[in-house]
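In what follows, a single structure is set out as structure tokens and then discussed.
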Amino acid sequence: MPGSTDSSTKAMGALTVGGLVVVTAYTVALGSNGWLWFGWVVLGLLTLGMIATRSNT
């Protein structure tokens, strides 16, 4: 159905938000780590790609 998201897309979104929380907590506690932020950006782009492909089908 157009405009709806399936459970895998919702799980990926939850993982992305959880990852943001973890990376932010790590940065506050131990200092910035560029590789963690890079990984989170890649995860976020993958999530956006999944959402875009689901909404177009």
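If I go through region 25-36 residue by residue, how many of them are open to solvent by 80 Å² or more (accessible area, probe 1.4 Å) and among the β-branched types (Val, Ile, Thr)?
1
Output the residues belonging to region 37-53 that are in contact with a Gly (Cβ under 9 Å, 6 or more places away or on another chain) and either among the small types (Gly, Ala, Ser) or open to solvent by 60 Å² or more (accessible area, probe 1.4 Å) (or both).
So in region 37-53, the residues in contact with a Gly (Cβ under 9 Å, 6 or more places away or on another chain) come out as 39-40, 43-44, 47, 50-51.
Passing the criteria: Gly39, Trp40, Gly44, Ile51.
Give Thr53, Thr9 a once-over and let me know the one that is modelled with pLDDT under 95, touching a Lys or Arg at 6+ places or on another chain (Cβ under 8 Å) and in a helix (DSSP H, G or I). Even if it seems obvious, please write down each step before you answer.
Values: Thr53 fails: touching a Lys or Arg at 6+ places or on another chain (Cβ under 8 Å).
Criteria check complete, one pass: Thr9.
Scanning region 6-16 for residues that are open to solvent by 50 Å² or more (accessible area, probe 1.4 Å) and farther than 10 Å from Leu43 by Cβ, which turns out nearest to the chain's Cα centre (by Cα)? Please lay out each step first, then the result.
At the first step, the residues of region 6-16 found to be open to solvent by 50 Å² or more (accessible area, probe 1.4 Å) are 6-8, 10-11, 14-15.
Retained after the next criterion (residues that are farther than 10 Å from Leu43 by Cβ): 6-8, 10-11, 14.
Numbers: Asp6: 15, Ser7: 14, Ser8: 12, Lys10: 10, Ala11: 9, Ala14: 7 Å.
The qualifying residue nearest to the chain's Cα centre (by Cα) is Ala14.
The values are calculated or read from the model by the stated rules, or taken from the named source; none is laboratory data. What you see is a predicted model; the values in this text were computed from it and never measured. Quick reminder, even Gly has a Cβ in these numbers, built from the backbone with ideal geometry, and neighbours come from all protein chains shown. For the accessible areas, the whole protein counts, side chains as well, though only heavy atoms, and no ligand, DNA or RNA atoms are used. Shrake-Rupley method; radii C 1.70, N 1.55, O 1.52, S 1.80 Å.
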